[in-house]
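The values are calculated or read from the model by the stated rules, or taken from the named source; none is laboratory data. Computed from a prediction, not measured in an experiment: that's the story for all the values here. FYI the Cβ positions are ideal-geometry reconstructions off the backbone, even for glycines, and counts take in every protein chain you see.
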Amino acid sequence: MKVVCSTVHVALPTVGETAITGPLAVHVESCMACKGEVLRYRMMYRELEALDDNKHKAPQSLTAAVMSALGPVEVEALEPRMDPRVPMAAAAVVATAAAGTAVLYKLYRDRAA
Amino acid sequence: MERERVEQTQPQDLVERAKLGDRDAFGELVAQHQHEVFTLAVRLMRDRDLAADVSQDAFIRAWRAMPKFRGDARFSTWMHRITVNTAWTHRSKQRRVRLDPLESLTAEPQASTLDPVRAGEAASASPRIEEALMQLTSSVRAVVVLKDVYGWSHSEIADHLDISVTAAKVRLHRGRKELRFLLDGYQDGAR
């Protein structure tokens, strides 16, 4: 194998569908072996691309198996879960306000008396 | 035209309903996408039983993550990503189970452990290219499949397989080269 042919052979798996360019392209044009190799790679890429349409049939039980294994959807994702500190803080605010009101009421009553 | 429009909007409607926790809508999505998810799983796992497990897990993961699906990509594209991640998790688990300290000393490369009968099953109803793909090692095959069959970019492949972009490129080069020679073998055999 000529040096330039081996360069083409090394380049072909890298370039993929992109055409070989520059001096290598000039060589490929004049070399039957490299031309054939380019063609074989091109066919391989076409076959690989076509596999996207070639589907394996899933087992009949797959859908049923999936559906029976489904748990509840993540509630936190649907309704953001409240931070547990929020109700505690709210309770503390209410308690403080109630205590303050009671103190003020007591002061008011003492003064009125 | 009208029919085409209905076919295009229907999956989106199913996705929206599934995001709100509608099991029937999700079931319909599973029915619609099961074959393509299973196909990708077979190509990654090389075994129909494992592929069925991976497909099931992938759909369950998708169901759990449905509310987070933003719809930037198509549902099928999103499912492909989940399937690849699930397959890779299964593969890592398998390797951990298989490769205990003693076994790891005697473990052989994956390509040589391929049972031709199982490879044939995995590639059932498939052209010779699929059979040739099944001969590649799983890490190389995954890159070739994702790049040349599903059209993923090098960086997407690297992200999902947890490898560098350079490693993805090296594996792709090696995989394509091996595949090319394997196909030569099929041609010689056919003569």
Give the residues of the range A:29-62 that are in a loop (DSSP other than H, G, I, E, B) and either closer than 24 Å to B:Tyr150 by Cβ or in the same structural domain as A:Pro13 (by TED's automatic domain parsing) (or both), sorted by residue number. A:Cys31, A:Asn54, A:Lys55, A:His56, A:Lys57, A:Ala58, A:Pro59
Contact list, first residue from the range B:128-155 and not assigned by TED's automatic domain parsing to the domain that holds B:His80, second anywhere and among the hydroxyl-bearing types (Ser, Thr, Tyr) and in a helix (DSSP H, G or I), beta-carbon distance below 8 Å, six or more apart or interchain, is B:Arg128/B:Tyr186; B:Glu131/B:Tyr186; B:Ala132/B:Tyr186; B:Asp148/A:Tyr45
Yes/no for B:Leu183 being in a helix (DSSP H, G or I), surrounded by 16 or more Cβ atoms within 10 Å (Cβ to Cβ) and in contact with a Phe, Trp or Tyr (Cβ under 6 Å, 6 or more places away or on another chain): no
Residues of the range B:63-77 classified as at pLDDT 90 or above and surrounded by fewer than 18 Cβ atoms within 10 Å (Cβ to Cβ), total: 4
Got a sec? Which of B:Leu20, B:Leu40, B:Leu29, B:Leu44 is farther than 23 Å from A:Leu51 by Cα and either aliphatic (A, V, I, L, M) or modelled with pLDDT of 90 or more (or both)? B:Leu20
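Among the listed residues B:Lys93, B:Lys169, identify the single one that is modelled with pLDDT under 95 and within 14 Å of chain A (Cβ to nearest Cβ).
B:Lys169
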